[in-house]
Amino acid sequence: MLDREGFRPNVGIILLNANNEVWWGKRVREHSWQFPQGGIKYGETPEQAMYRELEEEIGLRQEHVKIVGRTRDWLRYEVPDHFIKREIRGHYRGQKQIWFLLRMVARDNDVNLRLTDHPEFDAWRWHDYWVPLDVVIEFKRDVYQRALQELSRFLTIPPNGGHGERRHTARYLRQPRTGSAAGAKPAAKAPLVIAEPQLMLAPDK
C-alpha cells in the first residue's frame, strides 16, 4: 500500500525501560542495529499496526507497554534504488513513519525474538536514549535523529534518578556454547563481535 508519492505507511517503535534506556535490536545475520518498525496494513490505524509489530518482532503485547507519546506527523525516508526490488522500482520510494514512544511495564524475560518463524532480530540490548546513529543504515539516520529529538520531550526523570544498574549486555536469539574441558581454565568473556555488514533491506520493513 503506497501513497501517491510512492511512500509506504509504516510505524517505528522506541521502547523505554525504567532508566529511559531504549530497546536496541540487531537485525538477523547483519551488523545493523535498529528500532522495531513495520508496515501499516490496509484498514489498520498506526496504533493497531504498532501493537502488531511489537508482538511480531519482539514478542511483547499491549499489556506489556504503555504509550508515552507519538510523533505529530509522518517522518519520511527514501530507500536507494539498489535496495529496492526490481519489480517495484519506479513506484516505491521509501517509508513514511509514525513513531511511538513506549514505556515497558513487563520484565526483560518477556521479550521473545522467536515468536515468528522469520525473526527480524537475533540479539538485543538496552542502550542509552541517544543511540549511536553511525550504526544505523545511512538512509534512516535523519529520521532516527528527528524521531528521537521530537519524542525526547516526553522523557521523565527515572524514579532512581537515572543511577540504576546499567544493563548493556546483548541478549542473543541463540546463546553460544561456552563449555570447556574438565580442568581447563574458564574462557575469558569474549567481546561482542559482529560480522561485516550485509545491507539488505526488505522494502516492506
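The values are calculated or read from the model by the stated rules, or taken from the named source; none is laboratory data. Being a predicted model, the structure only gives us computed values, none of them experimental. Every residue, glycine as well, gets a Cβ built from its backbone with ideal geometry; the counts of neighbours run over all protein chains shown. Surface accessibility is based on the protein's heavy atoms, side chains included, excluding ligands, DNA and RNA. Shrake-Rupley method; radii C 1.70, N 1.55, O 1.52, S 1.80 Å.
Just a few scattered comments:
- Condition check for residue 132: at pLDDT below 95, surrounded by 14 or more Cβ atoms within 10 Å (Cβ to Cβ) and of a type outside the set (Phe, Trp, Tyr): no
- Annotation note: Cβ proximity below 6 Å between a residue of the stretch 5-24 that is at negative phi and a residue that is assigned to a loop (DSSP other than H, G, I, E, B) and aromatic (Phe, Trp, Tyr) (sequence gap 6+ or interchain) occurs for 12/35; 13/35; 14/35; 22/129.
- Flag for residue 162 being at pLDDT below 80 and either open to solvent by less than 80 Å² (accessible area, probe 1.4 Å) or at negative phi (or both): yes
- Number of positions in the stretch 72-127 that are open to solvent by 80 Å² or more (accessible area, probe 1.4 Å) and part of a loop (DSSP other than H, G, I, E, B): 13
- Residues satisfying the stated conditions in the stretch 29-61, i.e. over 11 Å from residue 13 (Cα atoms) and among the acidic types (Asp, Glu): 30, 44, 55, 56
- Some residue of the stretch 47-70 being in a loop (DSSP other than H, G, I, E, B), farther than 21 Å from residue 121 by Cβ and open to solvent by less than 80 Å² (accessible area, probe 1.4 Å): no
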